Ligand code: PMM
């Protein structure tokens with residue numbers, strides 16, 4: 001899944017695709033590189049970010065969705081608002097990526113039940129403005145799994161078909177770098193515990209910047225220089241059974257997941273008989 005942020009303030013690309021034309025060109029480039037899905041979002045979710053009004057989110061997202069659909073792309077809309085999701089689906093989007101897992105807008109789950117498109121339900125504990133204060137867990141994997149199960153339960157109760165649900169541990173959302181690493185280190189456990197496909201969004205996130213901090217100054221690695229690390233996470237996440245990785249640089253991640261798939265098919269082959 002390639003990321004198309006139509007925001008002036010995204011941490012990872014600093015508003016590079018804010019103009020609709022630039023966002024469309026960027027989305028087309030990601031499709032050309034081999035993205036199976038392009039994820040179009042008009043609200044920055046970085047810690048501390050203020051929310052745009054719904055009209056502004058619609059203004060950002062709809063023209064970009066329309067153009068990418070017209071070009072034949074499989075478009076997902078990254079939104080917490082049912083109204084934005086509904087309008088994006090009308091414009092041809094075929095999937096909804098809701099970082100709030102249906103918590104931000106009570107109209108979202110009923111909409112997902114009616115529309116029947118795939119729905120990504122992420123682990124979330126509140127809006128960006130105050131979310132890092134909620135980064136408190138007894139055991140991050142156990143707690144995230146329990147909260148995700150509560151959300152998938154709510155979605156099923158609302159009538160969302162089980163075959164349409166995708167879950168996401170929500171790296172960086174109300175999580176410290178330690179929490180993110182523990183979720184990744186135990187990703188196999190997360191994948192096995194949930195009966196739904198798992199999406200992982202680690203791309204360019206600040207925990208990678210901290211890991212790769214400059215040895216002399218201690219300054220975190222800037223967001224746009226975290227793609228090699230993201231590629232490594234993509235390969236490892238795929239090896240642990242992730243269904244999808246959400247990334248800014250599609251080309252490098254596609255290579256990584258192809259290597260992982262080839263490696264995995266070899267590892268799964270029955271042992272060859274000993275020579276002679
Ligand atoms: N991260 C961001 C935005 N949307 N959606 C899902 N499902 N999972 C994520 O981890 C996720 C997301 C924030 O990152 P960005 O600013 O690079 O888009």
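A few points about this structure:
- Ordering 263-274, 59-70, 165-176 by mean Cβ neighbour count within 10 Å, with the highest value first, yields 165-176, 59-70, 263-274.
- Inverting the pair-averaged 1/r between distinct Cα atoms of the range 139-179 gives 11.3 Å as its Kirkwood hydrodynamic radius.
- Shape class for the range 105-215: prolate, because the ratio a/c of the largest to smallest gyration tensor axis (alpha-carbon atoms, square roots of eigenvalues) is 1.5 or more and a/b beats b/c.
- Global geometry of the range 180-220, whether rounded, prolate or oblate, following the gyration tensor of its Cα atoms and the 1.5 cut on a/c: prolate
- Ordered by the count of other Cβ atoms within 10 Å of each Cβ, fewest first, 36, 98, 143 give 36, 143, 98.
- Counting DSSP beta bridges with both ends in the chain, the antiparallel % (nearest 5): 0 percent
- Relative contact order computed over the chain (Cα-Cα under 8 Å; 6+ residues apart), in percent: 16 percent
- For the range 137-276: rounded, prolate or oblate by the Cα gyration tensor [a/c cutoff 1.5]: oblate
- The alpha carbon convex hull volume per residue for the chain rounds to 151 Å³.
- Distance between the range 220-244 and the range 117-168 - C-alpha centres, whole angstrom: 22 Å
- Computed log10 I(q)/I(0) for the range 61-155 at 0.12, 0.17, 0.20 Å⁻¹: -0.42, -0.75, -0.94, from the Debye equation with unit scatterers placed on every C-alpha and solvent omitted.
Laboratory data are not the source of any read-out in this text; all were calculated from the coordinates shown. Everything quoted here is computed from the prediction, not taken from an experiment. Heads up, the Cβs are rebuilt from the backbone with ideal geometry, glycines too, and the neighbour counts pull from every protein chain shown.
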